[in-house]
Amino acid sequence: LHVTSDLAPDLAVAPTLDQSRYLTQVMRLKAGDDLLVFNGRHGEWRASVAEVLKKGVILRAEEQVRAQTHGPDLELIVAVVKKARIETIVEKATELGASRVRLALTHRTNADRLRLDRLDAIAEEAAEQTGRLDVPLVDDPVKLDALLDGWDASRRLMFCDETGGAPAVSALTAAGEGKWAILIGPEGGFSPEEGERLRALPFTTAVSLGPRILRADTAAIAALTLWQAAIGD
Ligand code: SAM
């Protein structure tokens, strides 16, 4: 279970109301039962159900069972596409180790109304399912131009360019390890001005994901997988 409170021996841990309902009504946990909790900072802990109250449960942290680990410093930047696809992208990016998912507004974005709390819940669930001990941050949508204006040039950018680029694995292997971000465009692709700006940036590696045009969610999964194959851990 992902909790936000600190974890230390004998510390009381108060899950949210929804989580309490899930623990008592779905998992049918009772006082004394054990479960595993993590908060992204103190590793994974065995906790016990200390009290079942009318309004929620109180857990008690018992002992750390796994030390905190952090995956690669790998951000996924994806132009906002249809809600269902964004939800798939957040789930798969979590499974594939992205540390952060940044939503970009590009010239051709047709943004569905996004619910960030729903995307956070998807990232949390995927982190629990995949066994990672940190939950990727999902940022509010920002304009791509503003993202690039404020770019930390020590982070390389894998620009997935459907109009053509270097074969991904050799380009990534040549560029090497370090802080990375992967950029995926919207259903309508990048505008010519965006493509031109991106290709001219010194920290960008323009890559092809093959000869076929992939949907944004497919492209995100393929790019994350190829990054993992070439550089990942
Ligand atoms: N404008 C494209 C077209 O011709 O229909 C569609 C863009 S595609 C749906 C969305 C994004 O996925 C692209 O902007 C790109 O970032 C990525 N993408 C899709 N296929 C790709 C490929 N073969 N190589 C590199 N990137 C690709």
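The values are calculated or read from the model by the stated rules, or taken from the named source; none is laboratory data. Computed from a predicted model, the values in this text were never measured in an experiment. Using ideal geometry, Cβ is built from the backbone for each residue, glycine included, and neighbour counts are taken over all protein chains shown. Each accessible area value is taken on the protein alone, full model and side chains, heavy atoms only, with ligands, DNA and RNA left out. Shrake-Rupley method; radii C 1.70, N 1.55, O 1.52, S 1.80 Å.
Considering the chain as a Gaussian network with a 10 Å cut-off on Cα pairs, which listed residue, Thr94, Thr205, Thr218, attains the greatest mean-square fluctuation? Residue with maximal mean-square fluctuation among Thr94, Thr205, Thr218: Thr218.
If both residues of a DSSP beta bridge must be in region 41-158, then about 50% of such bridges are antiparallel. Using a Gaussian network model of the chain in which every pair of alpha carbons under 10 angstrom is joined by a spring, one finds that among Ile221, Ile58, Ile86 the greatest mean-square fluctuation is at Ile58. Less than 5 angstrom separates the built amide H of Ala104 from those of Val78, Ala79, Val80, Val142, all sequence-distant by 5 or more or on a different chain. Shape class of region 186-233 from the Cα gyration tensor (axes a ≥ b ≥ c, square roots of the eigenvalues): oblate, since a/c reaches 1.5 or more and a/b does not exceed b/c.
The antiparallel fraction among DSSP beta bridges confined to the chain stands at about 40%. Counting heavy atoms of the protein chains alone, Trp151 has an accessible area of about 40 Å² for a 1.4 Å probe.
Normalised by the number of residues in the chain, the average gap of Cα pairs under 8 Å and 6 or more apart makes the relative contact order 19 percent.
In the chain, helical runs assigned H by DSSP with n ≥ 4 each contribute -39500 (n - 2.57); averaged across all residues and rounded to the nearest 500, the mean residue ellipticity at 222 nm is -9000 deg cm²/dmol. Pairs of Cα atoms nearer than 8 Å and 6+ residues apart set the relative contact order; for region 37-120 it is 24 percent.
Using R₀ = 30 Å, calculate the FRET efficiency as 1/(1 + (r/R₀)^6) where r is the Cβ-Cβ separation of His70 and Arg115; round to 0.05. Once the sixth-power term is evaluated, E becomes 0.65. Evaluated with a Cβ-only charge set (Lys, Arg +1; Asp, Glu -1), the chain carries a dipole of roughly 460 debye about its Cα centre, given to the nearest 20.
Whole-Hz Karplus values for region 20-33 come out as 4, 4, 4, 5, 8, 8, 8, 7, 6, 6, 10, 4, x, 5 Hz, taken residue by residue from phi with 6.51 cos²θ - 1.76 cosθ + 1.60 and θ = phi - 60°; glycine and proline positions read x. Protein heavy-atom accessible surface, 1.4 Å probe, per residue over the chain: 50 Å².
Specify whether the C-alpha gyration tensor of the chain places it in the rounded, prolate or oblate class, a ≥ b ≥ c being the square roots of the eigenvalues: rounded for a/c under 1.5, otherwise prolate if a/b is larger than b/c and oblate if not. In terms of gyration-tensor shape, prolate.
In sequence order, region 140-155 has phi-based couplings of 4, x, 10, 5, 4, 4, 5, 4, 6, 4, x, 5, 7, 5, 7, 9 Hz under the Karplus curve 6.51 cos²θ - 1.76 cosθ + 1.60, θ = phi - 60°, and Gly or Pro positions carry x. Rounded, prolate or oblate: which one fits region 124-233, using the alpha carbon gyration tensor with axes a ≥ b ≥ c (rounded when a/c is under 1.5, else prolate when a/b beats b/c, else oblate)? Cα axes put region 124-233 in the rounded bin.
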